[in-house]
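A.B. asks: The structure follows.
The values are calculated or read from the model by the stated rules, or taken from the named source; none is laboratory data. Computed from a predicted model, the values in this text were never measured in an experiment. Quick reminder, even Gly has a Cβ in these numbers, built from the backbone with ideal geometry, and neighbours come from all protein chains shown.
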Amino acid sequence: MFRILFFGILFFVTGVQASRIGESLVRIEATSMEPNYNTPWNPGDVISGAGTGFVIPGKRIMTNAHVVGNARFLTVSKEGDPQPWIARVAHVAHDCDLALLEVEREEFFSGTSPLEFGGIPAIESMVSVYGYPIGGTRLSVTRGIVSRIDFQTYTHSGLDSHLAVQIDAAINPGNSGGPVMQAGKVVGVAFQGFRGDVAQNVGYMIPTPVVDRFLKDVEDGRYDRYVDLALTYESLFNPAARKALGLADDNRGVVVSSVYATGSSDGVVEPGDVLLKIDGLDISSDGTIPIDANGPVPLTEVVERKFKGDSVVLEVLRGGKRKTLVVPLHSPWPFTLQASAYDEKPRFVVFGGLVFQPVDWNFMEAHDPDNQRLNYLFDYFVEDGIHEAMKEPVVIGSILPDPVNSYAGEFLHSPVESINGERIRSIEDVAAAFAKPVDYHVISLLGDQRPIVLESNLVEEARPRILERYGVTSEQNLEK
């Protein structure tokens, strides 16, 4: 099973290098509150955890987003100094698992040495990973060989894929967020690995191109997330297919198979276009480009280094003619609906004992619904263009049994189509529809199911009874 893990196997280190790096290491203790999507009005469970960070220029501490995700209180301590110092999250990027912390009192940084960043380490070169084991307060180091540089899914979001560097360091319960060092410079941030029967001694670090992009993104005081071409493509190895498209036998080009509606490429790129170059770089028939000295990477790496508001230039073959296309890059919505969300409160509306909730990855993970129509809406929300008709699917997430809704049990996890004749495109629409005075509230569900009808007077009569019986402290939350 693939899980986020910490680096932390003890390795004896001596000399000036270990001492200097030790001056930059930070142990992070986080008290977090995990939201409850089954009873969304409850504040959630309080949990504690520990991680690693390191000081970088500007009196900032870098760590992983999953170390501080959903955190309510943070303290940091320096190597050799157990005193806790109160810290806060300055910026967090859950799509690339990075975060920056600030410490309330600047004297914390007295005696620390900010680490500098290097480049991408070469294949077969040695790196050292610094951090703390769980429950420990002393420096721990593991060494490994760089064995692969490739795109990998970042498990923190569960959706986003970025450049990652694989090393053969042993993975034990320990620390995430620690610096990966080579020649005295940071070449990555330790963040995840394999565990169990999948693989042994395989770990991953976030390389400096991803780190550099994060640091540049937050220079204006906010994080805007990654951008995306929002298209899919297929390789072009088949000689017959290449000939039919008018391509030479030169191992160049991939064919666009789909363009997502409302995405960056929508209205610019068309299915069937052959992508030949991206920002002047030749695209091989397997979709890779020669952007770095460490070998080819997927063409999307060009977009990975762009920001919201930037553009990418594509050279394509369309209908036998070469064209130059400029694709403006913008927000990744609606893809974010299928990624794990953090630092957000569950949104919901309770009415007549019915709990209405928007569908996202957090909801699906918590409820694991056995409803084919709902599963289809979630799985194909982007691919089938469902997002063009609604901001988010809304369902009856749970039912608080009461005489006012005694026959509604069969509608659990059913997607809502309309309420009182008003089309439901988001959870805000649910609250607005119920706010309008009517004698009977009619809730229509997607498909051929009969509607749910609630008598207004009976709903109002049942309201205090339901709130008290089930300990509902709030009837709605519409803000993340």
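Condition check ((1) of a type in the set (A, V, I, L, M, F, W, C); (2) within 30 Å of residue 351 (Cβ to Cβ); (3) touching a strand residue (DSSP E or B) at 6+ places or on another chain (Cβ under 6 Å); (4) in contact (Cβ under 8 Å) with a residue 24 or more places away in the chain) across all residues:
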site	(1), (2), (3), (4)
30	yes, no, yes, yes
54	yes, no, yes, yes
57	no, no, no, yes
64	no, no, yes, yes
69	no, no, no, yes
73	yes, no, yes, yes
81	no, no, no, no
93	yes, no, no, yes
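A.B. asks: Continuing with the same structure: From the list 383, 410, which one is outside the structural domain of residue 257 (by TED's automatic domain parsing) and under 30 Å from residue 247 (Cα atoms)?
C.D. replies: Result of the check over 383, 410: 383.
A.B. asks: Just need a number here: residues in the stretch 203-221 that are touching a residue at least 24 places away in the same chain (Cβ under 8 Å) and surrounded by fewer than 11 Cβ atoms within 10 Å (Cβ to Cβ).
C.D. replies: Count: 0.
A.B. asks: On to the next question. Out of everything in the stretch 369-392 that is assigned to a helix (DSSP H, G or I) and under 18 Å from the mean Cα position of the chain (by Cα), what residue ends up being farthest from residue 424 (Cα to Cα)?
C.D. replies: Selected residue: 379.
A.B. asks: If I filter the stretch 232-249 down to residues being buried (at least 19 other Cβ atoms within 10 Å of the Cβ) and at pLDDT below 95, which single residue comes out as nearest to residue 58 (Cα to Cα)?
C.D. replies: Here the answer is 236.
A.B. asks: Within the stretch 342-368, take every residue that is buried (at least 19 other Cβ atoms within 10 Å of the Cβ) and assigned to a loop (DSSP other than H, G, I, E, B) and give me the one that is farthest from the chain's Cα centre (by Cα).
C.D. replies: For the stretch 342-368, the residue satisfying everything is 352.
A.B. asks: Just need a number here: residues in the stretch 281-340 that are within 22 Å of the chain's Cα centre (by Cα), not in a strand (DSSP E or B) and not aromatic (Phe, Trp, Tyr).
C.D. replies: Going through the stretch 281-340 one residue at a time, the tally reaches 21.
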